[in-house]
Amino acid sequence: MRSRIILLMAATADGKIARNRDHFPDWTGPADKRMFKALTLQSGVVIMGSRTFDSIGRPLPARHHVVMTRYPGRRPLLEGVYFTDDPPEQIAAGLYRQGYGQAVLAGGAVANTLFAQAGLIDEIVLTVSPRIFGSGLGLFNASLDLELALEDCHLLDTNTVYLKYRVLSG
């Protein structure tokens, strides 16, 4: 058994999640930030790569963090933050054993790709913001073939689209 994994990402209209790997995620609007907070609080746990964690700069309150890194011993100990080099399968199984029925995967592209390649993403929630970066990071950093089914689509505000997909295969 394992926790259900929800990939939760904000993207520009041209499909970018950041301008570069050190880009601070401050470009989304208030409605996206409220939705991110609500879903991550509901799950109680957020999985992310070390660059994503570093770009946020601090643990998010009232959530357990699993930070994927190649060098877990070189990271400072922070309450509520677990640095690991475990593969996605171990992370998802470990979270389930700890009582987390679902977890939010919050990027970046490397962590997203590792979970997708392992077949562990159950759902993708994507908010599309009215921005264009032209170049930058995509949702994933490798070639994938995921088949999706659209489950929900609505406006979060006058300019931001909420898309919820169930992953069928991949």
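The values are calculated or read from the model by the stated rules, or taken from the named source; none is laboratory data. Because the structure is predicted, anything quoted here is derived from the model rather than measured. For neighbour counting, all protein chains shown are included, and Cβ atoms are generated from backbone atoms with ideal geometry for every residue, glycine included.
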Qualifying residue in the range 143-166 (condition: under 16 Å from the mean Cα position of the chain (by Cα) and basic (Lys, Arg)):
yes
Checked the range 36-62 for anything over 16 Å from Val125 (Cβ atoms) and basic (Lys, Arg); matches are Arg51, Arg58
Would you mention how many residues in the range 68-89 are free of Cβ contacts under 8 Å to residues at least 24 places away in the same chain and within 11 Å of Ser50 (Cβ to Cβ)?
7
Only one of (1) within 13 Å of Ser129 (Cβ to Cβ); (2) crowded, with 16+ Cβ neighbours inside 10 Å; (3) of a type outside the set (Ser, Thr, Tyr); (4) at pLDDT 95 or above is not met by Ala13, so which one is it?
(2)
For the range 18-32, give me the residue count where each residue is surrounded by 19 or more Cβ atoms within 10 Å (Cβ to Cβ) and either of a type in the set (Asp, Glu) or at pLDDT 95 or above (or both).
1
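Let me confirm something: among Asn159, Asn141, which residue is closer than 18 Å to Asp26 by Cα and surrounded by fewer than 18 Cβ atoms within 10 Å (Cβ to Cβ)?
Values: Asn141 fails: closer than 18 Å to Asp26 by Cα.
Result of the check over Asn159, Asn141: Asn159.
Conditions tested, residue by residue: (1) among the polar types (S, T, N, Q); (2) in contact with an Asp or Glu (Cβ under 8 Å, 6 or more places away or on another chain); (3) modelled with pLDDT under 95; (4) more than 12 Å from Ile5 (Cα to Cα).
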{"site": "Thr127", "(1), (2), (3), (4)": "yes, yes, no, yes"}
{"site": "Leu150", "(1), (2), (3), (4)": "no, no, no, yes"}
{"site": "Val161", "(1), (2), (3), (4)": "no, no, no, yes"}
{"site": "Leu168", "(1), (2), (3), (4)": "no, yes, no, yes"}
Consider Ile121 against the criteria (1) at pLDDT below 95; (2) touching a Leu at 6+ places or on another chain (Cβ under 6 Å): it satisfies all of them except one. Which criterion is unmet?
(1)
Report yes if some residue within the range 104-125 is within 18 Å of Met35 (Cβ to Cβ), of a type in the set (Phe, Trp, Tyr), outside any loop (DSSP other than H, G, I, E, B) and touching a strand residue (DSSP E or B) at 6+ places or on another chain (Cβ under 7 Å); otherwise report no.
no
In the range 126-141, which residues are over 21 Å from Ala92 (Cα atoms), assigned to a loop (DSSP other than H, G, I, E, B) and of a type in the set (A, V, I, L, M)?
Ile132
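Would it be correct to say that Thr84 is among the polar types (S, T, N, Q), over 13 Å from the mean Cα position of the chain (by Cα) and surrounded by fewer than 18 Cβ atoms within 10 Å (Cβ to Cβ)? Walk me through it before giving the result.
On the way: among the polar types (S, T, N, Q): yes; over 13 Å from the mean Cα position of the chain (by Cα): yes; surrounded by fewer than 18 Cβ atoms within 10 Å (Cβ to Cβ): yes.
It is true that Thr84 is among the polar types (S, T, N, Q), over 13 Å from the mean Cα position of the chain (by Cα) and surrounded by fewer than 18 Cβ atoms within 10 Å (Cβ to Cβ).
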For the range 133-148, does any single residue satisfy the condition of being without any contact (Cβ under 8 Å) to a residue 24 or more places away in the chain and acidic (Asp, Glu)?
yes
Among Arg51, Arg4, the single one that is touching a strand residue (DSSP E or B) at 6+ places or on another chain (Cβ under 7 Å), within 29 Å of Ser143 (Cα to Cα) and touching a residue at least 12 places away in the same chain (Cβ under 8 Å) is Arg4
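If you check Asp152 against the conditions, is it over 19 Å from Gly29 (Cα atoms), in contact (Cβ under 8 Å) with a residue 12 or more places away in the chain and of a type in the set (Asp, Glu)? Reasoning before the result, please.
On the way: over 19 Å from Gly29 (Cα atoms): yes; in contact (Cβ under 8 Å) with a residue 12 or more places away in the chain: yes; of a type in the set (Asp, Glu): yes.
Spelling it out, Asp152 is indeed over 19 Å from Gly29 (Cα atoms), in contact (Cβ under 8 Å) with a residue 12 or more places away in the chain and of a type in the set (Asp, Glu).
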